[in-house]
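Report on one structure; see the data block that follows.
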């Protein structure tokens, strides 16, 4: 009974954070505040919340795999919390990096203050880079990791909260390496574009599903390359 209560509280809290993050992003997109180039901290907070909104749904299959190990192995509720914390530590680190990158691009005149590219060449380069990355061995390796969370937990198993943090960090690093391309193309249409956020979240989630993702990765790469070429020549 106690385990069931803890499980329900855990999942309700997890989804409440994801929904809150989406609500914040919706509020910012519909009533945007000016992002001045000097406001690095604001950019970081925006990206950190965006990471929770976009990556939370993609993380559900991984947490369900850990839930199974609570029942069948020596996983624990503290361990599941550690996995979530470790995963989002990596993505918060990525948020800091991309916030700094956005600030630099604004100062160089390549982005508007709302994070939208003002250069056709820069937009095309982002799209082509993201598209070509879909065909690389590193992308395939990272996707293989993300599509088999149960195997990855068993291969790198650590018990308890500390072990959960370790496994979350390990999984988060692969996830960043897998998804960075779809994140950076937000600069093409603007980082506050809810359509891009929703589409990118959907694509990243589907890519990580073994029965669906293997039919999506390469066509998505072709679509991004085609988009990049059309931006460059039209």
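Just so you know, all these numbers are worked out from the coordinates, no wet-lab data involved. It should be emphasised that the depicted structure is a prediction, and the values quoted were computed from it without experimental measurement. Note that each Cβ is placed from the backbone with ideal geometry, even for glycine, and that neighbours are counted across all protein chains shown.
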I'd like to compare 51-59, 136-144: which one has the highest average count of other Cβ atoms within 10 Å, and what's the full order after that?
51-59, 136-144
Spacing of the two label points (7 Å from each Cα toward its C-beta) at residue 113 and residue 125, in nm
2.5 nm
Given a Förster distance of 35 Å, report the FRET efficiency between residue 68 and residue 96 from their Cβ-Cβ distance, rounded to the nearest 0.05.
0.60
For a footprinting-style exposure proxy, rank 108, 22 by other Cβ within 10 Å, fewest first.
108, 22
In Å and from the alpha-carbon atoms only, list the Rg and Dmax of segment 2-233.
18.3, 62
Any idea what the relative contact order of the chain is, in percent, if you count C-alpha pairs under 8 Å spaced at least 6 apart?
28 percent
What 222 nm value per residue comes from the helices of the chain, counting each DSSP H run with n ≥ 4 as -39,500 (n - 2.57) and dividing by all residues, nearest 500 deg cm²/dmol?
-26500 deg cm²/dmol
In degrees between 0 and 90, to the nearest 10, how far off the longest principal axis of the chain does helix 60-72 point, with axes built from Cα atoms?
10 degrees
Which order do peptides 5-12, 126-133 fall in by mean Cβ count within 10 Å, highest first?
126-133, 5-12
